Amino acid sequence: MRSLAAAAACLALLALARWSRQAPPVAPDRARALLATHAALFTAAPRPPGSAEAAAARDRIAAALDAAGCPVARQVAWACAGATCARGENLWCRLGPAEGPAVVGMAHTDSVPAGPGAADDGSGVVAWVAAARGVAPGALRRPLVILLTAGEELGQLGA
């Protein structure tokens, strides 16, 4: 049974290695632009829900989306998940047609108290800001709604 599991794991690793060689590389200038966006939006400080740094990061993110032509609306509300309650502030904006079923892209703006959240979910936020910058709203057949929630680290409160 162990040899079967080991063989399956080896096949999966080989498939992953082959797929990774086929994935198109990120152009160096594009990679630098994404890193610059991350550096502009996030500091090295953690962004736990309710913190001053979480609020400052949301303000920087909202300004970046506004500058990209995606005017931000803020949804502020109290939410509870079990015994945990907090005031959250979600950011969202809409590109493309004003009507019709939308495609929603989502990430969260807060991080765990122990770290700055570069990958939790700073990378997702950067991806959606880059998408807003790179899309021509008139070219969209459906609306694109970018939803950036807060309170994910407290039980998905913003979502």
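The values are calculated or read from the model by the stated rules, or taken from the named source; none is laboratory data. The structure displayed is predicted, hence computed values, not measured ones. Heads up, the Cβs are rebuilt from the backbone with ideal geometry, glycines too, and the neighbour counts pull from every protein chain shown. Remember, those area values only see protein heavy atoms, side chains included, never the ligands or the DNA or RNA. Shrake-Rupley method; radii C 1.70, N 1.55, O 1.52, S 1.80 Å.
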When only residues in region 52-81 that are assigned to a loop (DSSP other than H, G, I, E, B) and in contact (Cβ under 8 Å) with a residue 60 or more places away in the chain count, which is farthest from LEU95 (Cα to Cα)? ALA68
Kindly indicate whether ASP121 is acidic (Asp, Glu), under 23 Å from ALA68 (Cβ atoms), within 18 Å of the chain's Cα centre (by Cα) and not in a helix (DSSP H, G or I). no
Looking at the structure I just gave you, is LEU91 over 18 Å from LEU35 (Cα atoms), surrounded by 13 or more Cβ atoms within 10 Å (Cβ to Cβ) and out of contact with any Cys (no Cβ under 9 Å at 6 or more places or on another chain)? yes
State whether one or more residues within region 86-106 are acidic (Asp, Glu), in contact with a helix residue (DSSP H, G or I) (Cβ under 7 Å, 6 or more places away or on another chain), at negative phi and not in a loop (DSSP other than H, G, I, E, B). yes
Take VAL72 and decide whether it is modelled with pLDDT of 85 or more and surrounded by 10 or more Cβ atoms within 10 Å (Cβ to Cβ). yes
Confirm whether LEU34 is of a type in the set (A, V, I, L, M, F, W, C), modelled with pLDDT under 85 and touching a helix residue (DSSP H, G or I) at 6+ places or on another chain (Cβ under 8 Å). yes
Scan ALA79, ALA150 and give me the residue that is at pLDDT below 95, in contact with a Cys (Cβ under 9 Å, 6 or more places away or on another chain) and open to solvent by less than 60 Å² (accessible area, probe 1.4 Å). ALA79
